[in-house]
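What follows is a single structure, written as structure tokens, with notes after it.
The values are calculated or read from the model by the stated rules, or taken from the named source; none is laboratory data. The structure presented is a predicted model; accordingly, all values stated were derived computationally and were not measured. Heads up, the Cβs are rebuilt from the backbone with ideal geometry, glycines too, and the neighbour counts pull from every protein chain shown. With ligands, DNA and RNA removed, areas are computed over all heavy atoms of the protein, side chains included. Shrake-Rupley method; radii C 1.70, N 1.55, O 1.52, S 1.80 Å.
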Amino acid sequence: MMKRERREGGRETGSGRETGGKRTYTGRFFRELDFSGREVFPPSRISDLPAWVEWLCLGAMLLIAYATFMYLDITDTYDNSILFLKAIARGELRGFYSFTVERARMFWAANYDFMVYIVYGLWNLPVLLISRLRGIDYLDWSLGLL
């Protein structure tokens with residue numbers, strides 16, 4: 001229940017505060033609603049933290065995301081885009097979908113539109129070249145999966 005208080009002129013302003021001619025009410029979870037329907041949040045206290053703490057938090061979030069957001073469809077598309085480049089190199093581009101059925105190392109063969117594999121193939125061209133130069137498997141190379 002909101003606490004009501006009287007201001008000058010006898011009008012009620014609610015439990016919020018008078019800000020620049022707008023009446024705001026303080027709601028649950030530290031948010032405020034003004035009468036236009038917008039949410040007005042209090043200023044962030046993150047700027048009070050030292051810069052190294054912000055970088056540490058960002059690094060921790062990125063590390064957690066890198067370790068937990070590896071979905072099978074991403075690795076499958078990654079494998080199929082590398083197979084797309086191999087099909088081009090072997091001259092089997094017309095039979096690309098059957099080429100991936102025969103050689104796919106992940107769960108599914110290529111199932112996206114051909115233009116998608118052109119974009120992914122261009123994106124993963126450096127991965128294929130570096131993995132061949134270094135003699136490593138592209139599916140086991142974690143930097144390539146980024």
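Listed by first and then second residue, the pairs linking a residue in region 66-85 that is open to solvent by less than 10 Å² (accessible area, probe 1.4 Å) to a residue that is assigned to a helix (DSSP H, G or I) and of a type in the set (Lys, Arg), with Cβ atoms under 6 Å apart and 6 or more places separating them unless they lie on different chains, are Leu83/Arg103.
Residue check: Asn111 meets all listed conditions (1) among the polar types (S, T, N, Q); (2) within 24 Å of Leu143 (Cβ to Cβ); (3) surrounded by 12 or more Cβ atoms within 10 Å (Cβ to Cβ); (4) modelled with pLDDT under 90 but one, namely (2). Only residues that are of a type in the set (A, V, I, L, M) and under 13 Å from Leu83 (Cβ atoms) were counted across region 126-146, and they come to 3.
Against the definition (open to solvent by less than 100 Å² (accessible area, probe 1.4 Å), modelled with pLDDT under 90, hydrophobic (A, V, I, L, M, F, W, C) and within 23 Å of Leu146 (Cβ to Cβ)), how does Ala104 come out, yes or no? Here the answer is yes, as Ala104 does meet what is asked.
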